[in-house]
Amino acid sequence: MTSFKIHLRGVPNVISVDRCAAKPLYQQIYDSFRTRIIDGQLRPARLVPSSRELARELRVSRLPVLNAYAQLIAEGYFESRAGAGTFVASSLPGAAKGRSANVASPITLANRRVAKEAARLPRYERPSWAASLGAFQVGQPDLHRFPIEIWLRLVARYSRSMRVKALQYGDALGRADLREVIATYLRTSRGVRCEPEQIMVVSGSQQALDLATRVLLDVGSSAWIEEPGYWLVHRVLQARGCRAMPVPVDDEGLDVSAGVKLARKARGVFVAPSHQYPLGVTMSASRRLQLLEWTRSAGAWIIEDDYDSEYRYDTMPIASLQGLDTNGRVIYIGSFSKVMFPSLRLGYLVIPPDLVERFAAMRETMDICPADIAQAVTAEFIREGHFARHIRRMRPIYAERRRVLGATVLGDEAGMHLAILVRRLQNDAKIASKAAKESLWVSALSGLYLGGVRQQGFILGFGNTNLSQIAPAVQQLKKLLAP
């Protein structure tokens, strides 16, 4: 290490270089000066050593010093005065002049302003179960059984035939070929009434929920949510500054009468009628018709989240709520994450025709358009029949895992999770935290309530839990529950 001490009154400063470092010499000199200027150690209008003097003291050639000085001048940190030398720029902000070199003001959110929408959200912490796979993870399909070889073959085919057009910005609604196959699939398997022009491809169902909220709800609007319900719906409404009105769910689904009593004039309702999360119940026909009638009379919107309806075991798949709607009041949301794989980040909305342009305008402000490659490959995956075959292959596998669980559960007719109520339990979140340390990823039921009365229990995902894992995992959970 070779160092040079700059002798400026009141500035005990060292500019140093290390010839063994990977960083170029000019970059080291530049960084040293820039850091000390920003920290207030070198103040505006102070003379700095000439390039010859600094090069001689550092025992380096003059070229890296000249390059560093040129960059500092170009960025406005230095200024050169003909016949006088090189100085720290006198135009630098006054805040830098008065700042003590030894006293740094701590940077915390408490003394910095952010938008109210961001400030009201809970602290972000990556869920512990997201770091690794384990028994009973919720929302996780069996990734080992996904036909990755077929997927990779389609990716390779796309890459070989890729055209320049694919490098351009795409349509805010998504690729036309993917929207076409999605519309066909939804009409035939989900009873959704739609045309490709109504489909918007998005980055997963979470973006769909956020987008629908932005388009349909104003700040301060109230919206019904299922109680208990999907926790990220709570976050979406928080971020928008809307009031979430928790409406109880019973064995027929969302209690519409209770919702009307709670907030008759709510602007919208978030509901998963085919397979409610987390209780897994299916909304009855009478409740569906009640809900549609309320939205018609109240001028409200239904955001239908159909997140895992492909897997139903004892009956045929339940038709969508959107298929019953004759007033264009339902926005239907679907996702490929549960059927294919989560990192695909591909979902879709079915939008009433008169709202498509508004959704597209809002989407354009968020991320312009979805990525092309995932759309193109997914379209081929569906068109060639791999999507339907994968669903048919996985349905009996998931059904057997559900059967082997053999517990008294809720919502065991569809999907890839079960809910267990534990009435004498005092703190399901504490048990879930202990279970996580043993790679047992159960989710606490109480955390999915927004109101004061909270059921104790657990959500068990069995999508990525093999048959051989289930019995030992259940025994682990029983030991944790033992008094």
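The values are calculated or read from the model by the stated rules, or taken from the named source; none is laboratory data. These numbers come from a predicted model, not from an experiment. Glycine also receives a Cβ, built like all others from the backbone with ideal geometry; neighbour counts cover every protein chain displayed.
On the stretch given as the stretch 363-385, residues that are crowded, with 18+ Cβ neighbours inside 10 Å and part of a helix (DSSP H, G or I) total 11. Counting residues in the stretch 44-54 that are among the hydrophobic types (A, V, I, L, M, F, W, C), under 40 Å from the mean Cα position of the chain (by Cα) and in the same structural domain as F78 (by TED's automatic domain parsing) gives zero. Across the stretch 225-236, a minimum of one residue is classified as farther than 26 Å from V339 by Cβ, modelled with pLDDT of 95 or more and of a type outside the set (K, R). Name the residue, out of S61, S32, that is among the small types (G, A, S) and in contact with a strand residue (DSSP E or B) (Cβ under 9 Å, 6 or more places away or on another chain). Just a single option satisfies the conditions, and that option is S32. Taking the conditions (1) exposed (fewer than 14 other Cβ atoms within 10 Å of the Cβ); (2) under 25 Å from the mean Cα position of the chain (by Cα); (3) outside the structural domain of M162 (by TED's automatic domain parsing) in turn, A436 satisfies each one other than (1). Within the stretch 257-270, no residue that is outside the structural domain of W294 (by TED's automatic domain parsing) sits with its Cβ atom under 6 Å from a residue that is modelled with pLDDT of 95 or more and part of a helix (DSSP H, G or I) at 6+ positions apart or across chains. Can you find a residue in the stretch 270-282 that is part of a loop (DSSP other than H, G, I, E, B), modelled with pLDDT under 95, over 18 Å from V350 (Cβ atoms) and touching a Phe, Trp or Tyr at 6+ places or on another chain (Cβ under 7 Å)? There is at least one residue in the stretch 270-282 that is part of a loop (DSSP other than H, G, I, E, B), modelled with pLDDT under 95, over 18 Å from V350 (Cβ atoms) and touching a Phe, Trp or Tyr at 6+ places or on another chain (Cβ under 7 Å). Residue-level check: of (1) in the same structural domain as P353 (by TED's automatic domain parsing); (2) among the acidic types (D, E); (3) closer than 30 Å to A429 by Cβ, E180 misses just (3). Within the stretch 345-358, one or more residues are free of Cβ contacts under 8 Å to residues at least 40 places away in the same chain, in the same structural domain as Y277 (by TED's automatic domain parsing) and not aliphatic (A, V, I, L, M).
Filter the stretch 278-299 down to the residues that are small (G, A, S) and over 26 Å from the mean Cα position of the chain (by Cα), then identify the one that is surrounded by the most Cβ atoms within 10 Å (Cβ to Cβ). Before the answer, list the steps.
Within the stretch 278-299, the first condition is being small (G, A, S), and the residues that meet it are 280, 284-286, 297-299.
From what is left, the residues that are over 26 Å from the mean Cα position of the chain (by Cα) are 284-286, 297-299.
On the way: S284: 15, A285: 12, S286: 11, S297: 10, A298: 17, G299: 10.
Looking at residues that are small (G, A, S) and over 26 Å from the mean Cα position of the chain (by Cα), I get A298.
Being free of Cβ contacts under 8 Å to residues at least 24 places away in the same chain, closer than 27 Å to D367 by Cα and of a type outside the set (S, T, Y) narrows it down to one residue among P196, P248; which is it? After applying the criteria, what remains is P196. Entry remark, the stretch 130-183: residues being closer than 21 Å to R363 by Cα and within 23 Å of the chain's Cα centre (by Cα) number 10 in total.
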